[in-house]
Structures are given as C-alpha cells and as structure tokens.
Amino acid sequence: MTPPVLAGSSLNAARRTNELDLLSQGDVVDVLVIGGGVTGAGVALDAASRGLSVVLAEKHDLAFGTSRWSSKLVHGGLRYLSSGRIGIAHESAVERGVAIQRTAPHLVRALPQVVPLHPELGRVSGAAVRAGFAAGDLLRLAARTPGALLPRSSRVGAGEVRRLAPTVRTDGLRGGLVGWDGQLTDDARLVVGIARTAAAHGARILTRCAVEQATGSGAVLVDALTGTRFEVRARIVINAAGVWAGELAEGITLRPSRGTHLVFSQQSFGGLTAGLTVPVPGAFGRFVFALPAPDRRVYVGITDEDAPGPIPDEPQASTAEVDFLLDTVNRALATPLTRADILGSYSGLRPLLDSGEGSTADISRKHQILTSGDGLVTVVGGKLTTYRRMAQDALDAALVQRGVEAAPCRTRSLPIVGAASAAELARLDVPHRLLRRYGTESAVVVAEAAADPALLDPLHDGTQTTGAELRFAVRHEGALDEADLLDRRTRIGLVPTVRQRALPMARAALADG
C-alpha cells in the first residue's frame, strides 16, 4: 500500500481558496509572516510547531526570490574563518549538521570538494588551503557532526583528482586537496518542504498573496488571483521578504549583492562527481566552484557584485560576471569552456544590510533582527544554511517584544516532510533519483502514475523530470501555474530550450490537478 503524505501537509489550489475564505472573516492570528523564501518558511514552521496560529503571505510563489538562486550548498562556514568570523563559521557548521543529520537528510548529503594543485597555486598558497580544510575539520568536530556523514579532509594524488574531476588539466598537476561540505539536491525543494511541514502543523501558506500597509499588528492582504483585499490582524508580524524587506519597513537600507551561476551540461565536465574548487587569483580565501547538479548539469559560480537600483523579480547576469566565471574555472581545465557551452544562467540577490563597507564581499553575512517603532520585526542578512537559526532568532525576538508566550523552539530536531535516514530510504523500492528529491514521499510520486505508467518516463530527452512529479507538485506542493512547476518545483527552467519543450506537459498536469 502506498504511504500517504504527511497529514495536513498538502498544498493546492483548493486549500488556498478555503484558507483565504476563512482568513477574510477577520480572526486575529498569532503570527503573520511576510515572505515565502527559506527564512519566511522557517519562521512559519517554528511558530506553528510551537502551537501558534500562523499565516504566511507570499506575493508570488514559494522560493520565488533569492532562496532558489543559491549554489545549492549547505556550507560549514569555512570561508568565514579566513576573515576571522569564527562565530558565523561555527553557527554554519552547527546548522549544516542539523540539516544533514535530522531535519533534511534526504535533501542534504556530503559532497567532496577538490582543489587541484597546479603550479600557479604555489606551495605557500596550497599550504594555506590545506590549513583551511583542517580548520573545517575542527568546525565539523565542534558541531558534533559524525565523520561518517562528513569525512575529514585529505591530500590526494593526481589520479584521484582526475577521477573526481575528469576534465582537469594534468600539466604540472601535483595532486589535490579534498574537503567535504553539504550539498542540497535543490534549494527550492527545501523551501517547499519546510512550508509544507509548517502547513502540517496548522500554518496557512498563502502564495500569490501580496502584503500592503504592514505594521506590527497586521497588514492588508491582496489576493493576486482575484483582486480581493482584506485586513489581517496579528499579535506578531515578521517581515522576511528578503531583498524586498526595505519596501515594507521604514528605516531599513539594504545593499543587495548579486551572485551569479552558469549552467553547463555534465558532458562539458566529463562526469564531474566533486565540487571542482578553483582559487580566484589575487583574492585570498575566495573560490569559484563547479558543482555537479541534477538533470546531468553542472553549476559554476559564484560572483559577489553590487546590485544597486530597483530590485528585479529575476536578476540577470552581467557580461563581466560571465567572463569572470569562465576565466576562473578555465584555469583548472584542460580544454577551456566558451560561451557556446553555457546552457543557461541564474542570479540571485543577497539581502545584505548596508554597513557602508567598501565591497559587498566585506559585508557580514550574520543575520540581523530589526524592530520598527510600531513593532514590525524584520529579519535580513544571513544565508541559506542558517535559515533555521535565523527563523528561531526572529521569532524569539518578536515573542519578547510583543509579550506573547509560546512553547520552546522545536525545529532543531523536527524533520521536514520526506525526511529519513539513508538506511530507511534504501528500503524503499523506488528510483534513486526520486529518493533524493522526495525522500519517503517518493512512493506517493510513483503512485501518481498508477493509471498511466508512462508518467514515470522523462518528459523529454532534455530532462529527467517525469509527469508524475508535475502531478504531485500540483496536488501536494502548491504549484498553481507553469512557472511554479518548471522554475521552482522542478528546475527544468534553468535551461530555456528545455523549458520550452516541457510547457505542454506542465499545462497538462495543471489541467489534471
């Protein structure tokens, strides 16, 4: 018998309509969360699991903004050690351990990261990288993450470097350094999983629902699908709108930083199985990564560029960023990549609090909790890895500020939908690819094809995504239109030509939903 989805976790159009109708009747809720990215979903889950009544309002869709544009890494904080930010580094390592052991082990797994030792990386620089990896080992130990989940770093020979990264150039190669970090199957899937878990605890997750006139005691919500406007009163309002947070809270000035990735085929990297880590010349502690990704892709990133001016819904890579990423990764490759090899690109904006420092790379990634005069609580900064702690800190601050009592935080040990250990997942007789995306819910996805086994076939030869996954996304994951399906519930849309071919299947899934 097919196991059911977690009770109360299914998000769909019918549930959205029903919850909007109930909300419009004017009841006061405990917590109104603005923003459906990873932080907003994290706040909703934290609050709902403490027994509070929760509404999450998102103008577009879950993971619409920065949360879906990450490197898909769950960092252990190593990069922060090089700048002396030990507290942030330790917090990152702790939260990585929480995700990989307890909250999302089906979505987060260990990834080896290899630094080839080429002649231009001198002995001194190579020793510095090795010392950095050793410090990362100490962070893992301090965070109490078992070595069985994240092995210790090591020095490897040239043959092992070529096994992990087959297209690395061999001239002068004297081996490599290997460290380990966490990698997400997909960042948008993490957000959807957190939001659905919040829904299972009673939270009302309302996408296509814009917020206007937000204060510490409520806001006006506008249903983007019908144009209906109504007021929501709340004991606590938390602004987790990311790079748009300053548009809702006066006196907050953000300095967005754009991070860009390029999308390549695995064929361009010969079957990359590790994160190829290439030092940026002249920038101590900074690297460009080539990361293996689902659908036989590789993501190359990341940049850190000032992004002043109006905030676009979907940021675009600049010519300079593309050139920088190509030039840097090509330093390690036997055959240089060109623009013709690029299948697509994506860019996200980091919601950094403006500190007046010279470069966005110098601005602290430590999250900030700010409270307006009317009681509106805003959370900005931070990063994907530490979303859970950001959410806890924001809610704790709001509870104290508003004098609201609640149970202690539970999210450090609360698994999200689909979570299970590798041993538990191995007992399920479903395709491995689905286990890595849906965990224990893989069997439910397979069941969507019970009447039509062809729904388990790839949509077309440009993607491994199946029709059964599209149906599941409509019926259980809150997908309301083609973009939800192709750009967030799956990542088909990262390659425009593949997206175009999948549009008819997305429309069919919405019609069948």
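What the table shows:
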| item | result |
| --- | --- |
| Selection count, the range 268-287, where residues are modelled with pLDDT of 95 or more, in contact with a helix residue (DSSP H, G or I) (Cβ under 8 Å, 6 or more places away or on another chain) and open to solvent by less than 30 Å² (accessible area, probe 1.4 Å) | 4 |
| Residues located in the range 399-424, provided they are more than 30 Å from residue 108 (Cα to Cα) and either assigned to a helix (DSSP H, G or I) or in contact with a Ser or Thr (Cβ under 6 Å, 6 or more places away or on another chain) (or both) | 399, 400, 401, 402 |
| Residues being under 18 Å from residue 499 (Cβ atoms) and either free of Cβ contacts under 8 Å to residues at least 12 places away in the same chain or of a type in the set (Lys, Arg) (or both) - total across the range 438-470 | 2 |
| Failed item in (1) among the charged types (D, E, K, R); (2) surrounded by fewer than 19 Cβ atoms within 10 Å (Cβ to Cβ); (3) out of contact with any Phe, Trp or Tyr (no Cβ under 7 Å at 6 or more places or on another chain), with residue 341 passing the rest | (3) |
| Where residue 459 falls short, out of the listed (1) part of a helix (DSSP H, G or I); (2) open to solvent by less than 50 Å² (accessible area, probe 1.4 Å); (3) among the aliphatic types (A, V, I, L, M) | (1) |
| Matching residues in the range 288-310 - criterion: being open to solvent by 50 Å² or more (accessible area, probe 1.4 Å) and hydrophobic (A, V, I, L, M, F, W, C) | none |
| The range 311-327 - residue that is assigned to a loop (DSSP other than H, G, I, E, B) and within 25 Å of residue 265 (Cα to Cα) and, of those, most open to solvent (accessible area, probe 1.4 Å) | 316 |
| Residue among 412, 388, 427, 402 that alone is open to solvent by 20 Å² or more (accessible area, probe 1.4 Å) and within 22 Å of the chain's Cα centre (by Cα) | 412 |
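The values are calculated or read from the model by the stated rules, or taken from the named source; none is laboratory data. These numbers come from a predicted model, not from an experiment. Note that we place each Cβ from the backbone using ideal geometry, even for glycine, and neighbour counts take in every protein chain shown. Side chains included, ligands, DNA and RNA excluded: accessible areas come from the protein's heavy atoms. Shrake-Rupley method; radii C 1.70, N 1.55, O 1.52, S 1.80 Å.
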